[in-house]
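Here the structure comes first, spelled out in C-alpha cells, and everything after it is commentary.
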Amino acid sequence: MTNRISGILTPHITPVDSRGRVDEDRLCEYIDWLIERGVDGLYPNGSTGEFVRFTPEERRRIIRVVVDHTAGRVPILAGAAEANVKETIAACDAYGEMGVRAVAIVAPFYYRLSAEGVYAYFKEIADTVSVDVTLYNIPMFASPIDLPTIIRLAEECPRVIGIKDSSGDLPQMMRMIAAIRPQREDFCFLTGWDAALVPMLIAGADGGTNASSGVVPELTRAIHRTVQAGNINEAMRLQYQLLTLFDAMLGLGEFPEGFRAGARSRGWDLGPGRVPISQQQRETIAQAQHEIDALVAGVTESGLQNVLPSETIEQIVQRVIQQL
C-alpha cells in the first residue's frame with residue numbers, strides 16, 4: 001500500500017483584515033471549519049490563496065500559522081513558488097522543517113520557458129530540497145509542463161512525488177497516469193479543475209485541489225467518496241451541481257473574487273483581497289452575490305432547477321455521506 005496524497009485538498013483563500021493584513025485569527029477559524037466538514041488536506045499559498053500578492057515573509061508566516069493550527073489533523077501541501085530557483089529552494093526547505101507533507105511548485109511564470117528550461121528548473125529544485133515536491137501545472141498562468149517533461153522528472157527525481165494539474169485536460173491526465181503509474185506507484189495525480197473532478201477521478205486521479213472545496217467542502221468530499229464507492233451515476237449528478245456553481249464563481253470578476261463570494265454565502269467574510277477593484281466591479285460582484293447565494297443553497301436563478309434537484313447542497317451531501 002502506497003502513501004500517495006489523495007482526497008480533496010483545499011487551496012483556500014487567505015483572509016485579510018480591513019487594513020489588508022493577513023487575518024490570522026480568521027484563517028484559523030476557517031481552517032477549523034474546513035476540517036470539520038471533511039476536507040482531506042489543506043493547500044495554503046496556492047492560486048486561490050493569491051500567493052503572488054503576498055510578500056515572501058508573509059507567505060512563510062501563512063504556512064507557519066496553518067501548520068501550527070492544523071496540528072497534524074490533515075496533511076498540508078504548501079505552495080512554495082518564489083521568483084527564482086534559489087528562493088524557491090529556501091522556501092521548500094523552510095516549509096519542510098515546519099512539517100508540511102509536501103510542497104507544490106508552479107512552473108516559472110512571467111518568462112515563458114521552453115520544455116528543457118522547465119525541466120532544468122524542477123530538476124535543480126528536486127535534487128536540492130529536503131521535502132517532497134509536487135509539480136503544479138497551470139498553463140493559463142505559467143510555463144506549461146508538458147508530458148515528456150513530467151515523465152522525465154518522475155523517472156529521475158524520487159523527491160518529485162506527484163502533480164497537480166489545473167489544465168482541465170482529461171486526455172493529458174490519462175496519458176500521465178498510463179506512463180508514470182506503472183513505474184511510480186507512489187506518484188499522486190491531483191486535478192485542480194473542478195469542472196472535471198468526477199471524470200478525472202474515474203480516469204484514476206487520486207484526488208483534487210479544488211477551489212470550490214473552500215466553499216462547499218461537503219460536496220467535493222461527497223463527490224470523491226461516491227466515485228470511490230463506484231456509484232458513478234450519483235457522482236455525475238453531484239458533478240453537475242458543482243459545475244453550475246463553479247462556473248458562476250470562476251466567471252465573476254478578478255480571480256478569486258467569485259470564490260470569495262462563495263465563502264460569504266457560507267457565512268465567511270474573508271476580506272477584500274489585495275487587488276484593487278473598481279466601483280463597477282463592486283457592483284457586478286454585489287449583483288452576482290445573489291446568484292451565488294442561490295446556487296449554494298441549491299436553488300439557481302438560471303433555470304437549471306428543472307434539470308437538477310432543488311434540494312440544498314447540504315441535504316444532498318448529508319444523504320450521500322450517510323449512504324457511504
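The values are calculated or read from the model by the stated rules, or taken from the named source; none is laboratory data. Computed from a predicted model, the values in this text were never measured in an experiment. Don't worry about glycine lacking a Cβ; one is built from the backbone with ideal geometry, like all the others, and counts go over all protein chains shown.
Here are a few things to note about the model shown:
- Criterion (free of Cβ contacts under 8 Å to residues at least 24 places away in the same chain and under 28 Å from Arg53 (Cβ atoms)) met by exactly one of Tyr136, Tyr121, Tyr110: Tyr110
- For Gly46, the criteria (1) at pLDDT below 95; (2) part of a helix (DSSP H, G or I) hold in every case but one, which is (2).
- In the set Ala222, Ala235, Ala261, Ala248, only one residue is over 21 Å from Pro11 (Cα atoms), part of a helix (DSSP H, G or I), of a type outside the set (Val, Ile, Thr) and in contact with a helix residue (DSSP H, G or I) (Cβ under 9 Å, 6 or more places away or on another chain); that residue is Ala235.
- Test for Gly46: is it in contact (Cβ under 8 Å) with a residue 12 or more places away in the chain, under 20 Å from Glu257 (Cα atoms) and out of contact with any Ser or Thr (no Cβ under 6 Å at 6 or more places or on another chain): yes
- Hits in region 234-276 (condition: among the aliphatic types (A, V, I, L, M) and exposed (fewer than 15 other Cβ atoms within 10 Å of the Cβ)): Val275
- Scanning region 94-116 for residues that are in a helix (DSSP H, G or I), under 17 Å from Glu82 (Cβ atoms) and not aliphatic (A, V, I, L, M) gives Tyr95, Gly96, Glu97.
- Residue list for region 56-84, restricted to those being within 19 Å of Arg274 (Cβ to Cβ), in a helix (DSSP H, G or I) and either of a type outside the set (Lys, Arg) or touching a helix residue (DSSP H, G or I) at 6+ places or on another chain (Cβ under 7 Å) (or both): Pro56, Glu57, Glu58, Arg59, Arg60, Ile62, Ile63, Val65, Val66
- Any hit, region 161-169, residues being in contact with a Pro (Cβ under 7 Å, 6 or more places away or on another chain), modelled with pLDDT under 95 and either among the hydrophobic types (A, V, I, L, M, F, W, C) or within 26 Å of Gly204 (Cβ to Cβ) (or both): yes
- Among the residues of this structure, Gly96 counts as one that is closer than 19 Å to Asp132 by Cβ and over 13 Å from the mean Cα position of the chain (by Cα).
- Residue, nearest to Asn137 (Cα to Cα), within region 1-20, restricted to residues that are modelled with pLDDT of 95 or more and in a loop (DSSP other than H, G, I, E, B): Pro11
- Residues that are buried (at least 21 other Cβ atoms within 10 Å of the Cβ) and among the acidic types (Asp, Glu) within region 142-190 comprise just one, Asp165.
- Test: residue in region 223-238 that is touching a strand residue (DSSP E or B) at 6+ places or on another chain (Cβ under 7 Å) and not polar (S, T, N, Q): yes
- Contact annotation: residue pairs with Cβ atoms under 6 Å, 6 or more positions apart or on different chains, pairing a residue in region 185-202 that is farther than 20 Å from Thr244 by Cα with a partner that is among the hydroxyl-bearing types (Ser, Thr, Tyr) and surrounded by 21 or more Cβ atoms within 10 Å (Cβ to Cβ), are Leu190/Thr209.
- Test result for Glu87, touching a helix residue (DSSP H, G or I) at 6+ places or on another chain (Cβ under 6 Å), surrounded by fewer than 18 Cβ atoms within 10 Å (Cβ to Cβ) and part of a helix (DSSP H, G or I): no
- Any chance Arg59 is surrounded by fewer than 19 Cβ atoms within 10 Å (Cβ to Cβ) and among the basic types (Lys, Arg): no
- Qualifying residue in region 198-210 (condition: of a type in the set (S, T, N, Q) and touching a Pro at 6+ places or on another chain (Cβ under 8 Å)): yes
- Residue count, region 118-144 (criterion: modelled with pLDDT under 95 and either in a helix (DSSP H, G or I) or of a type in the set (Val, Ile, Thr) (or both)): 1
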